[in-house]
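Heads up, the thing below is written out as structure tokens.
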Amino acid sequence: MGVIILLLLVSISVAAIFLGAFIWNVKSKQYEDEYSPPIRMLFDDAPPKKETTESSK
Amino acid sequence: MEVAVTTCYHCGLDCVAEEIHYDDHQFCCEGCKMVYQLLNEHDLCTYYNLNDNPGKQQKIKVREDKFTFLEQDKIQQNLIHFQDETKAHVDFYLPQIHCSSCLYLLEHLHKLNDGIVSARVNFAKKEVSIVFLKEKTTLRTVAELLTSIGYEPYISLNQLQQQPANYQKGLIYKLGVAGFCFSNIMLMSFPEYLGLEDSEQNLQNVFRTIIFVLAIPVFFYSAQPFFISGWKALTKRFLNIDAPIALAVLVTYARSVYEVLSGTGAGYFDSMSGIVFFMLAGRVVQQRTYDQLTFDRDFTSYFPIAVEVIKKNLTVPTALPDIKVGDTLLIHNEELIPCDGMLVKGRGHIDYSFVTGESAPVTKEMGELVYAGGKQVGGNVEMLVMREVTQSYLTRLWTNDDSAADEIKGLSFLHGISKWFTVVVFAIAILGAAYWAWADPSKILNVVTAVLIVACPCALLLVGSFTNGNILRILGRNKFYLRNAQAIEEIEKVNHIVFDKTGTLTTSIKQKVEWEGAMLSWEDESMICSLAIQSTHPMSRAIAKHFIKFDKMNVTGVVEIPGKGVSGYIDGNYVQLGSRQWIQTSELDNKKALSEVLVAINHKYIGRFIISNQFREGLSPTLSFLKKNYKISVISGDSDKDEPFLRELLGEKAILKFQQQPEDKLKYIKSVQDEGDHVMFMGDGLNDAGALKQSNVGIAIAENSNNFTPASDAILEAGSFNRMPVFIKMSKANKVIIIITFIVSVVYNVIGIYFALKGVLSPMIAAILMPSSSLSILLLTYGASNLLAKKWKL
């Protein structure tokens, strides 16, 4: 019986992780723009976080 | 004989002017070349590798100090939506965004200006969110940088107002939570359905506790919209469809909580969360929004955010709401006149195409009145403000809004059905209670609650929202975008269709060009065309398009004078194309001035092109179908020159009105509504805005969905105009599908009520009935609407 309860907890927490991921997706506006994310990841030089150096010239 | 033309490396237009080379690439104008140079310098030429000719044509230059108003605190505060000590966040709407190159370039803005920390594009909304360092750069520089690479931000007056919050998102969170809880509750309920042995009593308690906990967010969070809407309706003494649903959810929850806490049963948490989940899903499907479209634009989306006010010989950029009567405004070339006033300096060539759909500019002399909504073409002018922005003729059409009209629009026939449904359900519950009061009083509560649980009108809501949602999707796929589900029902009730003429029945893309004058020789034609393609004026473009083949000749000394015309030298001949005021001739003295372009070679008038609007393709079959079933009116701001044609097409009964002011259109719609007609109005320009709003269904026609359209219930892409009859048929089918599917779902209700009245509604029966009813509803409504769509080739 203990095993069943353990399995229950595991299954619910896995589902909860997916729920969290879903909410995170909506929050980060992934569903608002379906065009740019797949293209953005194909750019060779991803926009850097800090200021760029001019060395790439 | 066709000419091999090279196309511009930046924008893809034909290079017709003098040759512009740079880095082995051809450009059509200096503007395009400059953008290329800038990108090349900063190593951003991937822009050109991702797509061919990704740029937008740069011939029309943007005035240098156009963005000075961005230095004003008040305007900055409204545009910058977040800022701290060092950084500021701003969103710009860039209508030019159209391909992956745009995305690439805009997201690498930091390479062009190191004050920019990051830029992120929302492609669907055509917006870029920019974060910049306040020390290193300013809002104005950012706007100017965007302009210099060909993405001029569109900053309009409505950005001065609060943006409405995105309520759709809340619904999606609620749906997610409901889905999570529903699926887990279902899973945990299986042991209960299949039966547990007595020895496993503990396990049963564990399952029930988990289910109990999982149902809490469903009831208190996900089901909120139904409670709120139901309560709102009740306080207005009106029974809408959400009120009985909220009651059913409440009863189900209360009874289930009681059963679990008292240990008498497992409750109906599974059915409840399932219903909530499916109904929320239906709402999300139905509230489908089109990102690229906005249905409630008013004049503020068209008007600039600021204009220049002349004060003591200085020009001060001023936010539009701050303009007072008596101010003098400086209106530059290509700028919109924001309010009614009098011209005090300069000569106005005012293009009211924005307002009326008619593209020929109107000449205004000093001292004449000019109205808001016109666009100045030509030199700068000064005007004296006579009415404030909100008081101007055009804007008043919006501001005197009729909230009564909106209220009538809000009621669906579903609410009527649901009222009857609720009455019947209550009657059954009372009868059941009466019977059990006589047979076994202890079962009364059980039976009454079971009837309410099983027979809630959620099936009706599901049918309605899923059918509406799917029909909206089918119509949207065919470029007919409805604002909401209510519009489908309104279309179904229409019995009178009113059309605007210019821009609605006629197309503004293709014009009819007629030549009046002596026969033109091949050489003359070639000369005229070679000159016409030098100009970006819509009339020159129409002429150039009119002649399909010509010899491209070398033109030198091209001069384009806004509002007058274009001239140049070809083979030693001086050729002029332009207006009557510019090319003087006695030949036309007593002829009507239509939309015309006069042609003179070596100062001698040789004839004129008459440019008129062309009726849309497929107009006559569409109208002859519609006139059989509807009253038809055409109401136009234009002269009556097309009356014979329209009369023949529409027959004797149709009402044709010409030379109508925007206000007349609105009044006409009101008058036929007073006679009891349900009116659909189709129009395009700002001058139709009042009528669009007043009509029961206002449909704005757009040549493409990126264009601005006035507030309306629906937006129709012009190419789909001739499919209007099918769209109407589809909207009518909507109601039939809803009713048929609803009748089917009633069968499930009857089965459920049978068990409920017997007092033996077990959670398992409820849990089987509920999803199977929802699923069969879904299949039926999707099947039926898609089948019809296929039949009508939608």
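Before moving on, here are some points about what is shown:
- Sequence of B:322, B:642 once ranked by neighbouring C-beta atoms within 10 Å, starting from the fewest: B:322, B:642
- Applying a DSSP loop filter and a limit of 15 other Cβ atoms within 10 Å to the GluC sites (Glu not before Pro) in the stretch B:662-745 leaves B:675, B:703.
- Checking the cross-link pairs B:232/B:735; B:364/B:641; B:125/B:169 against a 18 Å limit on the alpha carbon distance flags B:232/B:735; B:364/B:641 as lying beyond it.
- Listed residues B:780, B:285, B:538: farthest to the positive end of the dipole of chain B (Cβ charges): B:780
- Here the 3J(HN,Hα) profile of the stretch B:783-794, calculated from phi with Karplus coefficients 6.51, -1.76 and 1.60 at θ = phi - 60°, is x, 5, 5, 5, 4, 5, 4, 5, 4, 8, 6, 8 Hz, Gly and Pro shown as x.
- Net charge of neighbours whose Cβ lies under 12 Å from the Cβ of residue B:170, counting Lys and Arg as +1 and Asp and Glu as -1: +4
- Using alpha-carbon coordinates, inclination of helix B:167-194 to the longest axis of chain B, degrees: 30 degrees
- With both labels modelled 7 Å from their Cα along Cα-to-Cβ, the residue B:257 to residue B:141 distance reads 6.0 nm.
- One decimal place: the segment residue B:655-residue B:113 gains 189.1 nm when fully extended, by the rule 0.36 nm per residue minus the C-alpha distance.
- Dipole check for the stretch B:66-155: with +1 at the C-beta of Lys and Arg, -1 at the C-beta of Asp and Glu, and the Cα centre as origin, the magnitude is about 160 Debye.
- With a threshold of 25 Å on the Cα-Cα distance, the over-threshold entries among A:29/B:87; B:375/B:549; B:501/B:670; B:126/B:665; B:66/B:345; B:74/B:136 are B:375/B:549; B:126/B:665.
- Inter-chain Cβ neighbour average for residues B:101-111, partner chain, 10 Å: 4
- Between residue B:234 and residue B:573, the simple label model (points 7 Å from Cα in the Cβ direction) yields a spacing of 8.4 nm.
- Of the GluC sites (Glu not before Pro) in the stretch B:300-382, those whose Cβ has at most 10 other Cβ within 10 Å and which sit in DSSP loop: B:365
- A straight chain from residue B:73 to residue B:601 at 0.36 nm per residue would run longer than the Cα-Cα distance by 184.7 nm.
- Gyration tensor (alpha-carbon) shape descriptor, the protein assembly as shown, a/c threshold 1.5: prolate
- Neighbour net charge for residue B:513 - beta-carbon separation under 14 angstrom, K R +1, D E -1: +1
- Neighbouring Cβ atoms from other chains, within 10 Å of the Cβ of residues in A:27-39, number 5 on average.
- Anchor residue B:443: lysines whose Cα lies under 28 Å away (excluding residues fewer than 8 positions away in-chain): B:419, B:758
- Backbone N within the stretch B:541-558 under 14 Å of label point (7 Å from residue B:521 Cα along the Cβ vector): none
- Distance-filtered residues of the stretch B:469-510 - backbone nitrogen under 15 Å, label point 7 angstrom along residue B:625 Cα→Cβ: B:475, B:478-480
- Hits among lysines - C-alpha to C-alpha of residue B:729 under 17 Å, sequence gap 8 or more where chains match: B:479, B:493, B:627, B:628, B:631, B:790, B:791, B:793
- Applying both filters, DSSP loop and at most 13 other Cβ atoms within 10 Å, to the trypsin sites (Lys or Arg not before Pro) of the stretch B:141-243 gives B:236, B:237.
- Footprinting exposure proxy for B:276, B:316 (fewest neighbouring C-beta atoms within 10 Å first): B:316, B:276
- Theoretical gain in end-to-end length, residue B:23 to residue B:344 [0.36 nm per residue, Cα-Cα removed]: 110.7 nm
- Ranking of B:369, B:336, B:343 by neighbouring Cβ atoms within 10 Å, starting from the fewest: B:369, B:336, B:343.
- Simple Cβ-charge dipole of the protein assembly as shown, Lys/Arg +1 and Asp/Glu -1, about Cα centre, in debye nearest 20: 2400 debye
- Distant-in-sequence amide H partners of residue B:349 (H built 1.01 Å from N, under 5 Å): B:364, B:377
- Simple spin-label estimate for residue B:678 and residue B:30 in nanometres, 7 Å along Cα-Cβ: 6.0 nm
Any read-out appearing in this document is the output of simple, stated calculations on the displayed coordinates, not a laboratory observation. Because the structure is predicted, anything quoted here is derived from the model rather than measured. Please note: Cβ atoms are built from the backbone with ideal geometry, for glycine as well, and neighbour counts cover all protein chains shown.
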